[in-house]
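The values are calculated or read from the model by the stated rules, or taken from the named source; none is laboratory data. What you see is a predicted model, and the numbers here were worked out from it, not measured in a lab. Ideal geometry is used to build each Cβ from the backbone, glycine not excepted, and the neighbour counts take in all protein chains shown.
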Amino acid sequence: MKKNTNTNENYYLADWLEGKISDTELKDKISEKDFLEYQKMKQSFDILDVLNAPMDKTLDAIHSKIKNKAEHKPKVIPLFAKFAVGIAAALILFLGLYSKFANTEVQFNTALGQQQIITLLDGSEVILNANSSLKYDKKSWKKARELTLDGEAYFKVTKGSDFKVNTKNGSVTVLGTQFNVKSRDDFYEVVCYEGKVRVVSKNKRKFILTPNKKITVAAAKEKESTFLNSTAPEWLKGESAFENIALKYVLNELENQFDIKFVRTNIDENIKFTGSFDNKKLKIALASVFKPLHISYVVKNKKIQLKQLN
């Protein structure tokens, strides 16, 4: 069907805003470009109605003027239509900017067995381990370099203002250094590789870690210790390493690295494990953990039945 003139379009706009004609009817009577512009204008009106903005009376006046102009003074409708479109364009710009700046949280998530390298706004680098999430507010970043971590991540922090990593098990604050943070369920571990970090545990105990020092909190028990000289965590090299850690935390990490689930009813999850497992090869990983502990395992699809041997 042939599109109508600009004069008629303004009559149709008034009828459409009043609900007298449908979207389909309007689209058939005007150009595609004008229809998209009118949709944006009407969306702005509708959103502001929902938000109960102070411009409600002004918008009512605009609707009324459109109607009155269309019915009684067709000569001035084109001028007012341009004014209404201008108002709508301003509203669309305002709402777009509000949406852009209101939602300033940035979040990263990794799946089972996945790792992700993240470059932060200040150039700091984060390597996020499997089944983990990291988020921060980019709007407040210049004032406060602060992130929230759930899972495990390795940080290479550029020098500057305080850099803080919050977890449900505690927080870590540094100026510029390299460190690893792991916070899963009731397990919390911070390892310092370079520089100095300040750790505040969930129960408000404070620790200052220097290179080759770490703090481990498992089942509410805190332990500060020295680890073997290393420049980065083993998981960056494709392995997960543990030192005298309860087996249940090792099993949890196996589940994070591989898409599997353990049936644990026939074993003692509190026995200690020291060693490592391969993060990519499941068969090798299972043998590395369970053979030294004399635990048998039967794999059925993605479920693994465990049993303590005599």
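State whether one or more residues within segment 245-267 are free of Cβ contacts under 8 Å to residues at least 40 places away in the same chain, more than 22 Å from THR173 (Cβ to Cβ) and part of a loop (DSSP other than H, G, I, E, B). Yes, there is a match, as at least one residue in segment 245-267 is free of Cβ contacts under 8 Å to residues at least 40 places away in the same chain, more than 22 Å from THR173 (Cβ to Cβ) and part of a loop (DSSP other than H, G, I, E, B).
Out of all the residues in segment 157-175, which are assigned to a strand (DSSP E or B) and of a type in the set (A, V, I, L, M, F, W, C)? Of everything in segment 157-175, those that are assigned to a strand (DSSP E or B) and of a type in the set (A, V, I, L, M, F, W, C) turn out to be PHE163, VAL165, VAL172, VAL174. THR226 falls short on exactly one of the conditions (1) within 25 Å of the chain's Cα centre (by Cα); (2) surrounded by fewer than 14 Cβ atoms within 10 Å (Cβ to Cβ), and that condition is (1). On inspection, THR274 does not qualify as under 21 Å from THR177 (Cβ atoms) and either surrounded by 14 or more Cβ atoms within 10 Å (Cβ to Cβ) or not charged (D, E, K, R) (or both). Looking at segment 169-185 only, could you name the residues that are under 16 Å from THR216 (Cβ atoms) and in contact with a Phe, Trp or Tyr (Cβ under 9 Å, 6 or more places away or on another chain)? Matches in segment 169-185: ASN169, GLY170, VAL172, PHE179, ASN180, VAL181, LYS182, ARG184, ASP185.
Scanning segment 202-220 for residues that are surrounded by fewer than 15 Cβ atoms within 10 Å (Cβ to Cβ) and assigned to a loop (DSSP other than H, G, I, E, B) yields a total of 6.
A residue that is within 21 Å of PHE155 (Cβ to Cβ), out of contact with any Gly (no Cβ under 9 Å at 6 or more places or on another chain) and at pLDDT below 90 cannot be found anywhere in segment 121-139. Tell me which residues, restricted to segment 149-164, are surrounded by 22 or more Cβ atoms within 10 Å (Cβ to Cβ) and within 14 Å of GLY195 (Cβ to Cβ). Residues satisfying the conditions are TYR154, PHE155, VAL157, PHE163. State whether one or more residues within segment 201-223 are farther than 25 Å from VAL126 by Cα and either small (Gly, Ala, Ser) or modelled with pLDDT of 95 or more (or both). Yes, some residue in segment 201-223 is farther than 25 Å from VAL126 by Cα and either small (Gly, Ala, Ser) or modelled with pLDDT of 95 or more (or both). Between a residue in segment 286-306 that is in a loop (DSSP other than H, G, I, E, B) and any residue that is not β-branched (Val, Ile, Thr), which pairs come within a Cβ distance under 8 Å, given they are 6 or more apart or on different chains? From segment 286-306, the pairs are PRO292/PHE273; PRO292/GLY275; LEU293/LEU247; LEU293/PHE273; HIS294/GLN308; HIS294/LEU309; LYS302/ASP259; LYS302/LYS261. Take the conditions (1) within 39 Å of the chain's Cα centre (by Cα); (2) modelled with pLDDT under 95; LEU147 misses just one of them, which is (2).
Might you let me know whether segment 287-301 holds any residue that is within 30 Å of the chain's Cα centre (by Cα) and surrounded by 13 or more Cβ atoms within 10 Å (Cβ to Cβ)? Within segment 287-301 (the criterion being within 30 Å of the chain's Cα centre (by Cα) and surrounded by 13 or more Cβ atoms within 10 Å (Cβ to Cβ)), the answer is no, since none of the residues qualifies.
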